[in-house]
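Participant: This is the structure I want to talk about, given as structure tokens.
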């Protein structure tokens with residue numbers, strides 16, 4: 001249901017929502033649920049979703065192998081390197097040689113490695129060596145150059161590590177020619193010794209290649225397991241399970257604008273809470289509830305509210321998640337899903353977009369989808385196989401209940417059909433109150449007024465309107481959200497953002513008379529919806545817009561009101577003819593919508609001389625398989641008569657509008673001049689320029 005009746009001057013295919021989009025059977029454009037009302041995590045963290053984790057046997061094998069290899073490399077690198085090697089100063093080394101405590105040395109470059117005859121205590125901080133204390137409470141002083149030990153003070157504690165292997169650096173820049181003679185004098189064996197173990201080198205040469213090799217095999221194993229999982233685990237359920245701990249509970253207090261649907265679902269809540277009360281009276285628990293209605297009306301939110309009120313687990317899955325390229329996968333997923341849900345009973349299973357899997361079998365042009373039909377058959381069997389005491393209710397949502405298989409909608413499967421329609425005035429007021437709870441509103445803002453000018457908007461669209469109003473207020477630097485912010489946001493949603501476009505004076509004059517023709521015809525026709533404003537400022541794809549706002553919700557439209565709509569649609573083209581004497585391509589969208597409405601009046605609603613026959617009944621799409629012949633249900637002569645009746649109706653309306661604008665030429669000129677001067681004319685100024693509106 002469209003918000004506004006908008007007639008616009010356009011170039012080429014520049015379309016605004018059609019004027020007749022508010023008709024109940026012409027509803028086409030509706031928004032989705034607002035961001036944040038659904039949360040479908042894909043990280044696989046739910047314990048009931050086994051498809052996210054690899055097989056436990058394979059995972060245990062690889063982790064065990066990795067741990068064993070790491071332990072082996074750590075042992076060989078850190079525990080198989082022998083005793084501790086002390087790093088000492090060169091002077092300490094000379095002192096130990098002079099004291100006769102060095103057994104052998106190995107010289108390699110500037111590095112000297114050696115072995116002591118008697119173990120010494122080594123201080124890692126200073127590198128000094130001390131003689132181990134023979135009695136408690138005393139220690140030897142650090143070795144001096146002379147090698148004479150000095151007694152330590154009484155009561156001192158012993159610190160250091162007992163070592164026999166040491167290493168030092170030869171002062172190659174200074175040199176020590178007396179080192180080799182000293183070693184010979186003390187009888188020290190000089191050998192070619194290797195370098196001390198390099199921990200970094202040991203890691204790079206030993207441990208790192210092993211880690212890389214293990215990582216490569218682990219990656220290959222994960223890849224193989226994922227491939228196996230995609231084939232052998234394809235039949236597992238794709239449903240997500242939510243509990244009260246996973247997300248905040250949604251109740252009926254969080255849902256507005258669907259009072260009739262909530263009243264029907266209250267009984268489902270009562271059944272889930274106390275099923276024995278109904279079974280004592282012999283009642284059978286309903287197995288399925290079908291929520292049908294336009295997009296954005298809150299079907300998913302209602303299903304979550306039922307689960308929140310009943311405080312039971314909530315499983316959600318989309319109909320498209322059952323169907324895969326492999327035949328039999330969908331049926332396997334259905335079986336797995338119902339097994340999980342029954343194990344968690346009492347529970348609610350919510351199937352969104354049921355028409356993706358529940359379309360009528362054996363219908364439609366082209367090839368038959370065997371996989372989808374097998375999935376549907378399994379779904380029918382599972383819903384029939386509910387035990388009488390199984391407290392599980394399937395709630396499904398769809399925008400196209402007309403395409404569902406009749407076997408799916410029969411009693412015993414989906415016992416209840418709940419219509420979730422667009423909200424009325426009170427519903428829109430309630431939805432706005434919910435979505436403005438966290439907004440900083442101006443005290444003078446009246447939500448009743450906002451609800452009145454948003455006729456035909458769904459709950460998702462109203463949520464988007466509140467968010468857009470907050471964005472507009474922040475952009476303009478307002479401390480609070482005002483009525484003007486809401487109206488600016490409404491124009492942005494319905495008409496589009498203002499588009500900077502440089503038009504010459506002649507083009508602006510054509511647009512002014514075009515929009516002036518729409519507005520003047522609506523002003524002078526009592527059955528037409530009131531004009532809210534007229535503008536020649538380009539919005540979206542339109543060069544100009546005439547916005548109409550109905551005064552109240554309408555559910556049935558009379559023939560005079562439809563004729564008035566036709567007149568308003570043709571007013572722009574006729575205004576160009578009367579004032580300029582030429583016609584342009586700007587009326588393309590108006591003519592398309594007028595022709596569509598006139599054809600519906602003639603062939604569907606019986607509002608012509610052809611009688612009461614409905615030649616083009618709505619909803620009978622031949623691509624759905626309802627009419628496999630693909631032909632019309634009436635003769636060529638009847639089709640010719642329909643075309644003639646449509647053309648005659650449009651021509652009659654065109655003549656009426658032409659006479660109306662010719663008689664009111666002065667007011668048309670006044671309105672066009674006002675538009676050229678100020679670009680936008682609101683209702684109050686229209687009343688001043690054109691006089692009182694016809695009633």
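Participant: Sort 581-590, 306-315 for me by packing, meaning the mean count of neighbouring Cβ atoms within 10 Å per residue, highest on top.
Facilitator: So the peptides 581-590, 306-315, ranked by packing, come out 306-315, 581-590.
Participant: At what distance in nm do the modelled label points of residue 71 and residue 182 sit from each other, each positioned 7 Å from its Cα along Cα→Cβ?
Facilitator: 4.8
Participant: So, one more: Does region 531-576 classify as rounded, prolate or oblate by the C-alpha gyration tensor (a ≥ b ≥ c root eigenvalues; a/c under 1.5 gives rounded; else a/b over b/c gives prolate, otherwise oblate)?
Facilitator: Taking the square roots of the gyration eigenvalues as a ≥ b ≥ c, region 531-576 is oblate.
Participant: Under the rule a/c < 1.5 gives rounded, and otherwise a/b versus b/c splits prolate from oblate, where does region 425-493 land using the Cα gyration tensor?
Facilitator: In terms of gyration-tensor shape, prolate.
Participant: Between residue 98 and residue 592, 0.36 nm times their residue separation minus their Cα-Cα distance comes to what?
Facilitator: 166.6 nm is the gain from fully extending residue 98 to residue 592.
Participant: Related question: So what is the diffusion coefficient of region 434-577 in µm² per second by Stokes-Einstein at 4 °C and 1.567 mPa s, using a Kirkwood Rh over Cα pairs?
Facilitator: For the chosen part, D equals 77 µm²/s.
Participant: Restricting things to alpha carbons, find the Rg to Rh ratio for region 455-494 using the Kirkwood radius for Rh.
Facilitator: Across region 455-494, the Cα-based Rg/Rh ratio is 0.97.
Coordinate-derived values only; no laboratory data. All figures in this text were calculated on a predicted structure; none of them were measured in a lab. In this analysis, Cβ positions are derived from the backbone assuming ideal geometry, glycine residues included, and neighbour counts consider all displayed protein chains.
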